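First up is the structure itself, then whatever we jot down about it.
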Amino acid sequence: WTVTIGTSVTSIGQGAFSDCETLRGVTIPDGVTSIGPNAFRDCGSLESVTIGDGVTSIGDNTFYNCRTLETVTIGNSVTSIGEYAFYFCLRLSSVSIPDGVSNIGDATFRSCSSLVALTIPNSVTSIEAEAFYGCTSLTSITIPDGVTSIGEATFVRCSRLASILIPESVTSIGRLTFEGCRSLTAVTFLGDAPKAGEEVFYEATPTIYRKPEAKGWGDTFAGRPVKLISEKP
C-alpha cells in the first residue's frame, strides 16, 4: 500500500512508520517541515519516497534498512540529512542531494550497494565517517570545492571507484578513508597536501597526482607514490 500524507501535517515524528513491512510508497507534502529519527526504519517493502519542498531536515536513521527503496526525490528545502539516514538501502541507485545541505553525516549512505554515482552540492563542507562505506557499485563521485574534511573510513570497500578528485579546500582526510578500494588507480589533489590519518589507502594502490605549485608534498603521500598532474596517463 501507499501513503499520501495530508496537507495539514507539519511533521512526521520519531518512528512514525517504522516496521511497516507492507508500505511501498510515500509522498510527503510541502507542509511538512521535518522527518523525525527512525520515521521509516525497517520498512522492508518501501520502494519510492517523494519528499516535499517544505522539509528542511531528515532525521537520523530515517530510512535505515529500507532494503527495497529504489527512488528518493528530496525537496530543495532540505538542509540536513541525519546519520545512517539511508543505511542499507540496497536498491537505491541514485540520489540527488539538494543545494543547501551542509553536511553528510556518519554512515548516511553506508551499504547502499546499488548506488552508482553521486554529485555532492557546493553547500556541503564536511563528509563524515563511513558516509559511503560499502557502496560497492559507486564508480564516480564529485566532491565540491567547499568540503574541508573527509571523515575516516568514508569510502571503505567502494571496490569499483577508479579515480577521485580532491579539491584544494580539503585540509584533512581521516584514517582508512579508501580502505579496500581495489580499483582505485588515481587520486588527484588540487591543493596543498592535507593532513592524513593512518592507513588512508589500506589495501588500495592508487598513484597520487598533484599540482606543481602545491605545497607540502613529498615523493609519497600516505604510503603511495606522488607524481605531477602532467604525468597522469
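The values are calculated or read from the model by the stated rules, or taken from the named source; none is laboratory data. What you are looking at is a predicted structure, and each value in this text was computed from that prediction instead of being measured. Cβ: placed from backbone, ideal geometry, glycine included. Neighbour counts: every protein chain shown. The protein model used for the area step is the full one, side chains on, heavy atoms only, and it has no ligands, DNA or RNA in it. Shrake-Rupley method; radii C 1.70, N 1.55, O 1.52, S 1.80 Å.
Selection of the range 87-105 for residues being under 21 Å from Thr139 (Cα atoms) and free of Cβ contacts under 8 Å to residues at least 24 places away in the same chain yields Leu92, Val95, Ser96. When the criteria are applied in full, Gly146 fails the requirement of being exposed (fewer than 14 other Cβ atoms within 10 Å of the Cβ), out of contact with any strand residue (DSSP E or B) (no Cβ under 6 Å at 6 or more places or on another chain) and either in contact (Cβ under 8 Å) with a residue 24 or more places away in the chain or hydroxyl-bearing (Ser, Thr, Tyr) (or both). Only residues that are open to solvent by less than 10 Å² (accessible area, probe 1.4 Å), over 11 Å from Ser163 (Cβ atoms) and either touching a Ser or Thr at 6+ places or on another chain (Cβ under 6 Å) or among the hydroxyl-bearing types (Ser, Thr, Tyr) (or both) were counted in the range 195-212, giving 1. Is one or more of the residues making up the range 150-158 over 20 Å from Val116 (Cα atoms) and either at pLDDT below 95 or among the acidic types (Asp, Glu) (or both)? So far as the range 150-158 goes, yes, one or more of its residues are over 20 Å from Val116 (Cα atoms) and either at pLDDT below 95 or among the acidic types (Asp, Glu) (or both).
Residues that are part of a loop (DSSP other than H, G, I, E, B) and closer than 29 Å to Ser114 by Cβ occur in the range 206-226; there is at least one. Among the residues making up the range 122-141, those that are of a type in the set (S, T, N, Q) and part of a strand (DSSP E or B) are Ser126, Ser140. Residues in the range 37-56 that are surrounded by fewer than 19 Cβ atoms within 10 Å (Cβ to Cβ), among the small types (Gly, Ala, Ser) and within 21 Å of Arg110 (Cα to Cα): Gly44, Ser45, Ser48.
Close contacts from the range 182-197, counting a first residue that is in contact (Cβ under 8 Å) with a residue 40 or more places away in the chain and a second that is among the β-branched types (Val, Ile, Thr) and surrounded by fewer than 16 Cβ atoms within 10 Å (Cβ to Cβ), with Cβ to Cβ under 7 Å and a gap of 6+ residues or different chains, come to Thr188/Ile229.
In this structure, does Gly31 turn out to be touching a Gly at 6+ places or on another chain (Cβ under 8 Å), modelled with pLDDT of 95 or more and either part of a loop (DSSP other than H, G, I, E, B) or within 24 Å of Ile143 (Cβ to Cβ) (or both)? Judged against the criteria, Gly31 is not a match.
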